[in-house]
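Shown next, in structure tokens, is the structure this report addresses.
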Amino acid sequence: APSPACPGLCGGAGVAAGAPPAAAMFADGAGPAADVQSLWRSARSAGCEAKSCQTGNIPTADVAVQCHVSRDASVQTDQSKDDAQDIQQEVQVDYSSLLAFLQRVEDAVIKELNKNWKSRAFDGFEVNWMDQNETVLCLHTLSYPEAQDQKLQVTSISWNATGSVIACSYGRLDGGDWSTEKSYVCTWNLDRRGLNPQRPDLVVDVPSSVMCLAFHPSQPSLIAGGLFSGELVVWDTSRTEDSVMWRTGMTDDTHTDPVYQVNWLPDAKHRSQCRLLSVSTDGKILVWREERDGRLVLAEGFAMVAQQIPRSAQLKKFTWSEAAVGVTSLSFSPFDPRVFIVGVEGGYTLKCSTAAETLALQHTTTSVPLKAPAELIFSPHGGPVYSVSCSPFHRQVPGANLFLSCGTDGQVHLHSMLQTQPLVSLQLSKEYLFCVRWSPVRPLVFAAASGEGNYNNCFWFAGDVHLLDFEKSWQKPAVSIKQSTAGSAVYCLEFNIKQTQLLAAGDAAGTVKVWQLSSDFTEQGPREMNHLEQLASETTD
């Protein structure tokens, strides 16, 4: 029978006997998670396409429009009456007082104007509207590390005929047994792209110390060198293998002392050819000619003999073999190819001539008789003369060429070839002066190189490049340039006659610095030659 307790819920169905109560029919439980894959999302992703939308190319055109008639127009706000009155009051002038003032000063003003009109103070003055470069810049610092590792010094430098290549020789100018020490000649082309200042374009190994160099005046690849051994060598830098073109070898004609200067001289018989001149402390000045077999043969020569120097100024009473006649430097007059100036170890400078006919009283024999060239001796320095330089500008009177000299006394002497006493004696430094060079473009400018010295038994190094401009000062350099922070002595310097703004200097540290000069040192003033003529006309005899 149906249960009376749940007639509607059980729908009339009875409960089986022994069944559990209703509360036991339901219980909490955890089943496995259901994972339903989305077919819509994967289908949409598979059918996705990348698309872009861009309009077609937009044509453009440049069009300029310019009217043919121009007109200036200005806009100004109306001025108030009060402002106009203030301006009128500010510009009011007392004309009666102004007239009285002008009448009072008229005579004085006219007098001064007339004086200025007649003055010649500004004759030749030209206004230079261009900015002046007042600095001296270091363009290149060149070196050869292998030579520096051997503690070799730059003994000489030379520019080639084009002005683009610089050469330096490595050797020693200090004491020591270094006569057979290996040395070098190095060249750099400053116009070459990718210039490496520590990697020369050419390195020539030389078995003896190279004391001096000189490029050929017209053939850019030829360079001559004088060695410590007394030999002369000419190298052709265009050769890829053996660069030696001519050499003297060791003969009876060869110098017996180191060669301290070489020069190329025009051949009097063959104008297109040059001969080579060498200077040595053995007292000889020798001229060499080239032979086809690669030899340099003695063509003519001169010897500085104390007994044959003009007696009015005899070099004390030195014998021929002593250092008083040892030649250290030479410079030819640019106006007379026969006249040259030499500096000697005894402190003197001498005027000489290649036209000399008197035979020299020498103790050695040579294949060609040597002549005595000395004609005039000049007032001495306080020590050996290391450098002389003839002016390329002045010749007011025949034979009146000017020249500079310097030496271990730290002085620069400016001489006229017509008188024995210097026109100017300038104490430029307490140190040695090793080189002096006249500017190729400025008549009143020259450069000097200072170096090591001995003072109160103290030895020091100090190296400067001094630029002097007599138009600015007769007493001190216009600029003194420190060649290096270490203060190494500067042994040599040369102006570039093709690129006149360049000056090169070599030092004891084995470096060559190329300096760019400012316009102050390269542009000649309008009356500079007149000033040089006035200086040369002053005589002290």
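For this structure, a couple of remarks:
- Checking every residue in the range 412-422 against the condition of being under 30 Å from residue 253 (Cα atoms), assigned to a strand (DSSP E or B), modelled with pLDDT of 90 or more and touching a Ser or Thr at 6+ places or on another chain (Cβ under 7 Å) gives zero matches.
- Taking the criterion of being assigned to a strand (DSSP E or B), without any contact (Cβ under 8 Å) to a residue 60 or more places away in the chain and either open to solvent by 90 Å² or more (accessible area, probe 1.4 Å) or not aromatic (Phe, Trp, Tyr) (or both), the residues of the range 264-281 that qualify are 274, 275, 276, 277, 278, 280.
- Number of residues in the range 329-357 that are polar (S, T, N, Q) and under 21 Å from residue 439 (Cα atoms): the value is 4.
- Residue within the range 482-499 that is aromatic (Phe, Trp, Tyr), under 17 Å from the mean Cα position of the chain (by Cα), over 24 Å from residue 413 (Cβ atoms) and crowded, with 19+ Cβ neighbours inside 10 Å present: no
- Given (1) farther than 25 Å from residue 342 by Cβ; (2) in a loop (DSSP other than H, G, I, E, B); (3) within 21 Å of the chain's Cα centre (by Cα), index of the condition residue 217 fails: (1)
- On the stretch given as the range 224-263, residues that are closer than 20 Å to residue 300 by Cα, open to solvent by 30 Å² or more (accessible area, probe 1.4 Å) and not in a loop (DSSP other than H, G, I, E, B) total 5.
- Unmet requirement for residue 161, which otherwise passes all of (1) out of contact with any Cys (no Cβ under 6 Å at 6 or more places or on another chain); (2) over 26 Å from residue 265 (Cα atoms); (3) open to solvent by 10 Å² or more (accessible area, probe 1.4 Å): (2)
- When the residues of the range 481-510 are filtered to those that are assigned to a loop (DSSP other than H, G, I, E, B) and not polar (S, T, N, Q), the one that is nearest to residue 438 (Cα to Cα) is 497.
- Filter result for residue 399 (modelled with pLDDT under 90 and open to solvent by less than 10 Å² (accessible area, probe 1.4 Å)): no
- Total residues in the range 465-480 satisfying the condition of being within 16 Å of residue 433 (Cβ to Cβ) and open to solvent by less than 20 Å² (accessible area, probe 1.4 Å): the figure is 4.
- For the range 117-147, the candidate set comprises residues that are over 30 Å from residue 501 (Cα atoms) and open to solvent by 100 Å² or more (accessible area, probe 1.4 Å); within that set, the residue that is modelled with the lowest pLDDT is 120.
- Residues considered: 330, 315. Of these, the only one that is touching a helix residue (DSSP H, G or I) at 6+ places or on another chain (Cβ under 6 Å) and either open to solvent by less than 60 Å² (accessible area, probe 1.4 Å) or at pLDDT 85 or above (or both) is 315.
The values are calculated or read from the model by the stated rules, or taken from the named source; none is laboratory data. This one's a predicted model, so the numbers in the text were calculated from it and none came from an experiment. Cβ atoms come from the backbone with ideal geometry, glycine included; neighbour counts cover every protein chain shown. The accessibility values were calculated without ligands, DNA or RNA, using every heavy atom of the protein model including side chains. Shrake-Rupley method; radii C 1.70, N 1.55, O 1.52, S 1.80 Å.
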